[in-house]
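The values are calculated or read from the model by the stated rules, or taken from the named source; none is laboratory data. No experiment lies behind these values; they were computed from the predicted model shown. Cβ sites come from the backbone with ideal geometry, for glycine too, and all protein chains shown count toward neighbours. For the accessible areas, the whole protein counts, side chains as well, though only heavy atoms, and no ligand, DNA or RNA atoms are used. Shrake-Rupley method; radii C 1.70, N 1.55, O 1.52, S 1.80 Å.
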Amino acid sequence: MKHTGPSSSALSTGLNKEASKNIFRKLSLPTPESVVVNMGDYSPIYQDINWEGFAFIKPLLQGGSKGIDEFSVININDRDALKEKVEQIHLRFNEPAIVERYIGGLDTKELSAPVLISNDGSIFALPILELDLNKVSNPPGNFNFLTQVFKEENRAKCKRIEDKYYLKLPAALDRETSERIHLDVARIVNAVGCKDMARVDIRWDSTGLYYIELNVNPGKNRFSYLMMAGYSLGLNYSEMISFIPYQALLRYGIQPTKKLEKLVTPVTSYFEKVSIQPV
């Protein structure tokens, strides 16, 4: 069946947080240590966690920060509390949980790197976004991350770009770091087989960059991170969203209409100016 977007194989990799992290590991990209805890078997909590500090607990297969609340970060030494949080994930979502080393501390940055992907494999890196973690701190302990409630409340209130008050666009990064992220994301996208649009979430602390999640099918509403990155370049929503069926038509050897070609020209012209070829 002809379809827009990536294959079911790529979608399944992006949906499964541990599968995405295994791609990062295969590419020798840094990602936090993690264990998957299946329903009915809590032994990994007591036997396989071998890092210090804190753990971030979340559903293995959910997006949009579902299942993440102010109690999702727990001291690694409190294994019973970890087990209780994992059980909550199991009961609510009927799926495994992933327990991941929490990347936090002073001067931590959370970044999101969206890209557009052409039918010929060329990749155009949109501006990297930075979440101002000082505006999304969560008690107890003032851990800084987006919860499901925060995202949903902000989404409901968001009527204009300025309402995304916790975003910095572009991120405050030096050129070398930005280029490294763009090249790493291009390698990830190529390895997984992403199509049209993708986004990689990253954390950066005093010990370096850590690749957290791959969004093979990123949010595409008008105030999504990907769309806002496009807006910062002067692109509009119609031009960005039309890029998806345009690329699908090209993949299947179907000639796009002149109207569609004209509509996406502002987007495709960026590939002619600067693009990243997969390594």
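For region 119-129, state whether one or more residues are farther than 30 Å from Pro245 by Cβ and either aliphatic (A, V, I, L, M) or outside any helix (DSSP H, G or I) (or both).
no
Might you check whether a residue that is among the acidic types (Asp, Glu), open to solvent by 80 Å² or more (accessible area, probe 1.4 Å) and in a loop (DSSP other than H, G, I, E, B) occurs anywhere in region 80-87?
Within region 80-87, not a single residue is among the acidic types (Asp, Glu), open to solvent by 80 Å² or more (accessible area, probe 1.4 Å) and in a loop (DSSP other than H, G, I, E, B).
Select from region 148-166 the residues that are over 18 Å from Val73 (Cβ atoms) and in a helix (DSSP H, G or I) and list them in ascending order. Before the answer, list the steps.
The initial filter retains those residues of region 148-166 that are over 18 Å from Val73 (Cβ atoms), namely 152-166.
Within region 148-166, Glu152, Glu153, Asn154, Arg155, Ala156, Lys157, Ile161, Glu162, Asp163 qualify.
How many residues are open to solvent by 70 Å² or more (accessible area, probe 1.4 Å) and under 30 Å from Gly253 (Cα atoms) when one looks only at region 12-51?
1
From (1) among the β-branched types (Val, Ile, Thr); (2) surrounded by fewer than 16 Cβ atoms within 10 Å (Cβ to Cβ); (3) within 28 Å of Ser34 (Cβ to Cβ), pick out the condition that doesn't hold for Val192.
Here Val192 clears every test but (2).
Where residues in region 105-130 are over 20 Å from Met197 (Cα atoms) and more than 17 Å from the chain's Cα centre (by Cα), which of them is surrounded by the most Cβ atoms within 10 Å (Cβ to Cβ)?
Gly105
Can you pull out the residues in region 229-247 that are open to solvent by 10 Å² or more (accessible area, probe 1.4 Å), in a helix (DSSP H, G or I) and not charged (D, E, K, R)?
Tyr231, Tyr237, Ser238, Ile241, Ser242, Ile244, Pro245, Tyr246
Which one of Glu162, Glu176, Glu213, Glu152 is surrounded by fewer than 17 Cβ atoms within 10 Å (Cβ to Cβ), of a type outside the set (A, V, I, L, M) and closer than 22 Å to Leu61 by Cα?
Step by step, each of Glu162, Glu176, Glu213, Glu152 is checked, and only Glu152 is surrounded by fewer than 17 Cβ atoms within 10 Å (Cβ to Cβ), of a type outside the set (A, V, I, L, M) and closer than 22 Å to Leu61 by Cα.
Taking the options Arg187, Arg199, name whichever one is part of a helix (DSSP H, G or I), basic (Lys, Arg) and within 21 Å of the chain's Cα centre (by Cα). I'd like the intermediate steps shown before the answer.
Details: Arg199 fails: part of a helix (DSSP H, G or I).
Residue meeting the stated conditions: Arg187.
Evaluate region 94-104: report whether one residue or more is open to solvent by 10 Å² or more (accessible area, probe 1.4 Å) and free of Cβ contacts under 8 Å to residues at least 40 places away in the same chain.
Taking region 94-104 and keeping what is open to solvent by 10 Å² or more (accessible area, probe 1.4 Å), we get 94-96, 101-102, 104.
In the following step, the residues that additionally are free of Cβ contacts under 8 Å to residues at least 40 places away in the same chain were identified as none.
Taking every residue of region 94-104 in turn, none turns out to be open to solvent by 10 Å² or more (accessible area, probe 1.4 Å) and free of Cβ contacts under 8 Å to residues at least 40 places away in the same chain.
Any chance region 142-159 includes a residue that's free of Cβ contacts under 8 Å to residues at least 24 places away in the same chain and closer than 14 Å to Ser112 by Cβ?
For region 142-159, residues free of Cβ contacts under 8 Å to residues at least 24 places away in the same chain and closer than 14 Å to Ser112 by Cβ: absent.
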